[in-house]
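Q: Below are the C-alpha cells for one structure; questions will follow.
The values are calculated or read from the model by the stated rules, or taken from the named source; none is laboratory data. This one's a predicted model, so the numbers in the text were calculated from it and none came from an experiment. When we count neighbours, we look across all protein chains shown, and the Cβ atoms used for this are built from the backbone with ideal geometry, even at glycine.
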Amino acid sequence: MKNIIIKYLNLLYLFSLLAVLIFYLFPGSIISYLMYGDLAFNRGVLQNEIGSLIHFFINTGGYSINHTLIFGYIALLGFFTFFKAKNFYIGILFFVFLSIVLELFHLIIPNRSFELIDLVSNLIGVSIALIIYWKFKK
C-alpha cells in the first residue's frame, strides 16, 4: 500500500512539474485567459485579497505570493518523492536552477516580463520547502 502511495505522489509531482513548465513558458497568462478571456491581463491566482495582507508585512508588490506557493509546493513534493536520500542535494540545485531559468525565460517570451521579486519569491518558496522537509525528516 505504501509503494502505491509513493508511486501516485511521484506521478503527482511529475504532473505538477509539467503544469508549472506549461504555465511559466506559455506566452501570456493561461489563468487570466480562463478567468477573464484575456491572455495579456495578468492579475495572478491569489489576487490582492491575500497579497495586500502580505504586502503589509513585506513589500512584495502583491501577487508574487503565487510564486512562493507554487515553488514551495513543487519543491516540497519533489523533496518527499523524487529527490529523496542520495539525490536530495541534486534536488536543491534543480529547484534553484529551475527558479532562475524559468524567470529568465520571461525576458524572451511574449506577454511575459522578468521581475526580480518573482525570482526572489520562487527562491523563498524553495527555501520554505527545504526548511519544512528538514524539520519533518528530523
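Q: What's the total number of residues in region 109-119 that are touching a residue at least 24 places away in the same chain (Cβ under 8 Å) and surrounded by fewer than 18 Cβ atoms within 10 Å (Cβ to Cβ)?
A: Here the count works out to 5.
Q: Here's another thing I want to ask about it. Go through region 83-108 residue by residue and tally those that are surrounded by fewer than 16 Cβ atoms within 10 Å (Cβ to Cβ) and in contact (Cβ under 8 Å) with a residue 60 or more places away in the chain.
A: So the answer is 1.
Q: Would it be correct to say that F97 is at pLDDT 95 or above and closer than 21 Å to N10 by Cα? Step through it out loud before you land on a result.
A: Details: at pLDDT 95 or above: yes; closer than 21 Å to N10 by Cα: yes.
Criteria met by F97.
Q: Condition check: farther than 24 Å from K135 by Cβ, buried (at least 16 other Cβ atoms within 10 Å of the Cβ) and modelled with pLDDT under 90. Does H67 satisfy that? Walk me through it before giving the result.
A: Details: farther than 24 Å from K135 by Cβ: no; buried (at least 16 other Cβ atoms within 10 Å of the Cβ): yes; modelled with pLDDT under 90: yes.
Judged against the criteria, H67 is not a match.
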